[in-house]
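Enquirer: Pasting a structure here, questions to come.
The numbers here are math on the coordinates, done by the rules we state, and not lab data. Treat the numbers as computed from the prediction; the structure is a model and nothing was measured. Counting neighbours? That spans all protein chains shown, and the Cβs are built from the backbone with ideal geometry, glycine included.
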Amino acid sequence: MTYSSETVPTSTLKDLLTNNWNDQEGNIPLPDFREATSTETRVDLAIEGEDVIVIRMEDAGIEEKWRSNYSYADVTVPIRLEIYTQKSRQRLYDLFQECRRIIRVQKHNVGDYQLTRWHNFNEFTMEQMNVWMGASRITLESLGISI
């Protein structure tokens, strides 16, 4: 049996977004994508106007549900996208729109997964720090895979 490395879901999503980013003629430059390696991952927006998108797995981790005969399973990976910008509230929504566009258009082109599903977007107000932040829930899914 040959070695085959396990897919890292956050890397898969990061690659999908990076490789399909459309900067809309320079109006939405490619943000700095960061994979969170712990719940304590810190985001520093050191450069004025820098946009950062943090990709982290949700607490549930990789969920696997067996089908009745235990020969097949449904796999779901919940991921949270956190979008940060110092530019403006409009930039926050532009970044959100581009991420959602990529996920919808590329929903069946996600490496080892059958489907990427967009669930929601919530804006969090931190105007006192001149930072606009929003978060989205996304799932990577493979249904009825042979075990």
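Enquirer: Going through region 57-147, which GluC sites (Glu not before Pro) have at most 13 other Cβ atoms within 10 Å and a DSSP loop state?
Expert: Details: sites: Glu58, Glu63, Glu64, Glu82, Glu98, Glu123, Glu127, Glu141; in loops: Glu58.
Taking region 57-147 and a limit of 13 other Cβ atoms within 10 Å, the loop GluC sites (Glu not before Pro) found are Glu58.
Enquirer: Under a point-charge model restricted to the Cβ atoms of Lys and Arg (+1) and Asp and Glu (-1), what is the dipole moment magnitude of the chain relative to its Cα centre, in debye to the nearest 20?
Expert: Numbers: 16 positive and 23 negative charges, 98 e Å.
For the chain, the charge dipole is close to 480 debye.
Enquirer: Additional query: If exposed chymotrypsin sites (Phe, Trp or Tyr not before Pro) are those in a DSSP loop with at most 11 other Cβ within 10 Å, what is the longest stretch of the chain that has none?
Expert: Numbers: sites that count: Tyr3, Tyr70.
In short, 71-147.
Enquirer: Starting at 0 and stepping by 10 Å, how many percent of the alpha carbon pairs of region 44-120 end up in each bin?
Expert: 16, 37, 29, 13, 5, 1
Enquirer: If I histogram all Cα-Cα distances within region 93-147 using bins 5 Å wide from 0, what percent of pairs lands in each bin?
Expert: It works out to 4, 17, 22, 18, 13, 10, 7, 5, 1, 1, 0, in whole percents.
Enquirer: Excluding Gln106 itself, what net charge comes from residues whose Cβ is under 15 Å from its Cβ, given Lys and Arg +1 and Asp and Glu -1?
Expert: Numbers: positive: Lys14, Arg100, Arg101, Arg104, Lys107, Arg117; negative: Asp15, Glu98, Asp112, Glu141.
Within the 15 Å Cβ shell, the charges total +2.
Enquirer: Using every alpha carbon pair in the chain, what percent of pairs falls into each 10 Å bin from 0 up to the bin containing the largest distance?
Expert: That works out to 11, 38, 32, 13, 5, 1, in percent per bin.
Enquirer: Using a Cα-Cα cut-off of under 23 Å, which lysines could be cross-linked to Lys14, ignoring same-chain neighbours fewer than 8 residues away?
Expert: Reachable lysines: Lys87, Lys107.
Enquirer: Do the sum for the chain: with -39,500 (n - 2.57) for every DSSP H run of n ≥ 4, divided by all residues, what is the mean residue ellipticity at 222 nm, to the nearest 500 deg cm²/dmol? Numbers along the way, then the final one.
Expert: Details: 2 runs with 29 residues, N = 147.
Counting only the DSSP helices, I get -6500 deg cm²/dmol.
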